[in-house]
Amino acid sequence: MYETKEELEKVILVAVTTGDEDNAEESLDELEELVSTAGAVVAGRMIQNLEHINNATYIGSGKVKELKDLIWEMEADAVICDDELTPAQYKNLEDELDVKVMDRTLIILDIFAKRAKTAEGKIQVELAQLRYRSTRLIGMRNLSRQGGGIGTRGPGEKKLEVDRRVIRNRIAQLREQVGELENHRQVTRSKRQDNPVPVVAIVGYTNAGKSTLLNTLTDASVLEEDKLFATLDPTTRNYKLPDGQEVLLTDTVGFIRKLPHHLIDAFKSTLEEAKYSDIIIHVVDASNESMDKNMHAVYETLKKLDVKDKIVITVFNKLDKLEDKPILSDFNADYVVNAAIKKKAGLDDINEALEKALKSMRVTVEKVLDYADAGKVGLIRKYGQIISEEYKEDGIHIKAYVPAQMVGKL
C-alpha cells in the first residue's frame, strides 16, 4: 500500500529594507507564518538594503541574478515579495525568474479565501481579490501557467481571465451585495442602541488569543488554531458577568502589519464592529518579540477605521510562555490585565476590569417604583447593577447604576 503525500510548494521570500534590517527580518518572519498558513514551505529568504524600492523589479538587477541562482539551487516553485508589487514589477520579475511571483497582499487574500465560511465573508474576499487582480491582469503571468497552488484560491482562473469589463460588472455586483449587508448591519446596530446591553469588541493582532478569550468566557466554539487568521468571520455572544450584568462580546478579524487596503475597504463593515462598540478589549500576545510593533499596528488600524473615544481594556495574554514576568503597560488603555487565557489565568481580572468599565459608563439613580412596576427591577438587574433595594409601604426603593439611555424608561 502506497501513501500519496501532497507536495508542498517551495517558495523564497524577498524583502527590501531602506535602513532597518531588524524590522525587515521581523516582517519576513511574519510572512513565513503567512506562507505556512497558506500551505507552502519556505526554502530560502533574501533581504536587500536599498535607498528605495526598485520601480522595475522591486530588488536591484544584481539581486535578481542572485535570486535566480537561489531558485535553481533550492528548486523553488515561487517567489514571494514582502511588499505589494506593481503590475510592472510582477511582469518584469516573472520574465526574469521564470517562476510564479507573488506578494504579501496576494498571500493574505489567499488565506482569507481559504478561511471565509459565511456568505458575507466570501463576498468580501472575492471583492477584495477582484479589485486587487483587476489592475494586475496584464502584469501577472497568465494564470493558467501558474498551475494552482497558493495565491490562486478564490474567484478562480475563468473569472480572472475574462476581460476587464466583465470584472468591473462583477465588482459592481459584489459592491451592491456588500452595501445590502452593510444596511442590514446598520439595522442590527440600531436595534442594539435601543437595547441597553453594552457591546464589547475583542480586537488584537492576529493569533493573539481573541477567539480563545471568546470561547473561554462564552463557550462560543470559535475555531482556535496557532495560525494567522484562524478566525475570519465575526462572532457575537451574550456574556453574563459575575455581578449579573450582561454584555455582547464580539470577536473580530485579526489585524496585521501592512494590512492590504483592499481588505480594509472590503471588510470595513466587519471591522467597524469596533467603531460601534462601547468597550474594546485589546488582546496582546505578550510572548511575541514584536509585541510593541504589533500593538502599534492594531492602534493604527483602529485609527484608520475612525475608532476613538472608547474605553480600552488591554489584556496581555500568553504570560505563561514567559520565564521572566515583566511589568507590562499600555498608555492607550484605561485598564490593563495580565493573563494566560488558555490556562484560565487572569479571567477574574478581566471580569473585574469589565465591571469597572461598565460602572464608569453608568449613572446612579435613586427611584421609588410602584409595586405595579416591579418588572422594572428585573430590567435594572439585567442591564445595570442594584446597589440597594428596599420594599416599603410607598413602593420599592431602588438605588442602582444603569446605562444613561435607560434612565427615561424608569
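The values are calculated or read from the model by the stated rules, or taken from the named source; none is laboratory data. As the structure is a computational prediction, the values presented were derived from the model and not from experiment. Methodologically, a virtual Cβ is constructed for each residue, glycine included, from the backbone with ideal geometry; neighbour enumeration extends over all protein chains shown.
Numbers below:
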| quantity | calculated |
| --- | --- |
| Unique residue being among the acidic types (Asp, Glu) and surrounded by 19 or more Cβ atoms within 10 Å (Cβ to Cβ) when the list is GLU323, GLU289, GLU273, GLU300 | GLU273 |
| Single match in LYS310, LYS275 (criterion: closer than 28 Å to LYS359 by Cβ and modelled with pLDDT of 90 or more) | LYS310 |
| ALA333 being within 22 Å of ASP285 (Cβ to Cβ) and without any contact (Cβ under 8 Å) to a residue 24 or more places away in the chain | no |
| Residue count for region 301-335, restricted to those that are of a type in the set (Ser, Thr, Tyr) and assigned to a helix (DSSP H, G or I) | 1 |
| Out of LYS304, LYS321, LYS376, sole residue that is more than 28 Å from the chain's Cα centre (by Cα), among the charged types (D, E, K, R) and at negative phi | LYS376 |
| Pairs, first outside the structural domain of VAL125 (by TED's automatic domain parsing) and in a helix (DSSP H, G or I) in region 165-190, second at pLDDT 80 or above and among the charged types (D, E, K, R), C-beta under 7 Å, six or more apart | ILE171/ARG131; LEU174/GLU126 |
| LYS10 being within 22 Å of ALA113 (Cα to Cα) and either modelled with pLDDT of 95 or more or surrounded by fewer than 21 Cβ atoms within 10 Å (Cβ to Cβ) (or both) | yes |
| Output for region 130-179, where each listed residue is among the basic types (Lys, Arg), under 21 Å from LYS117 (Cβ atoms) and at pLDDT 65 or above | ARG153 |
| Residue count for region 82-117, restricted to those that are of a type in the set (A, V, I, L, M, F, W, C) and out of contact with any Leu (no Cβ under 8 Å at 6 or more places or on another chain) | 5 |
| Cβ pairs under 8 Å, 6+ apart, first in region 344-366 and without any contact (Cβ under 8 Å) to a residue 40 or more places away in the chain and surrounded by 13 or more Cβ atoms within 10 Å (Cβ to Cβ), second hydroxyl-bearing (Ser, Thr, Tyr) and in a strand (DSSP E or B) | LYS356/TYR335 |
| Region 326-343 - residue that is aliphatic (A, V, I, L, M) and in contact with a Phe, Trp or Tyr (Cβ under 8 Å, 6 or more places away or on another chain) and, of those, surrounded by the fewest Cβ atoms within 10 Å (Cβ to Cβ) | LEU328 |
| Verdict on TYR371 being over 16 Å from the mean Cα position of the chain (by Cα) and either crowded, with 20+ Cβ neighbours inside 10 Å or within 25 Å of THR118 (Cα to Cα) (or both) | no |
| Pick from region 81-138, criterion closer than 25 Å to ARG175 by Cβ and free of Cβ contacts under 8 Å to residues at least 24 places away in the same chain, ranking: surrounded by the fewest Cβ atoms within 10 Å (Cβ to Cβ) | ALA119 |
| Selection count where residues are surrounded by fewer than 18 Cβ atoms within 10 Å (Cβ to Cβ) and more than 27 Å from the chain's Cα centre (by Cα), scope region 13-46 | 4 |
| Checklist (1) farther than 19 Å from GLY204 by Cα; (2) polar (S, T, N, Q); (3) at pLDDT 90 or above applied to GLN405, failing item | (3) |
| Residue in region 14-44 that is nearest to LEU97 (Cα to Cα), counting only those that are among the charged types (D, E, K, R) and either in contact (Cβ under 8 Å) with a residue 60 or more places away in the chain or assigned to a helix (DSSP H, G or I) (or both) | GLU32 |
| Residue in region 237-260 that is assigned to a helix (DSSP H, G or I) and either in contact with an Asp or Glu (Cβ under 7 Å, 6 or more places away or on another chain) or not aromatic (Phe, Trp, Tyr) (or both) present | no |
| Residue in region 326-336 that is in the same structural domain as MET291 (by TED's automatic domain parsing), under 20 Å from VAL197 (Cα atoms) and within 31 Å of the chain's Cα centre (by Cα) present | no |
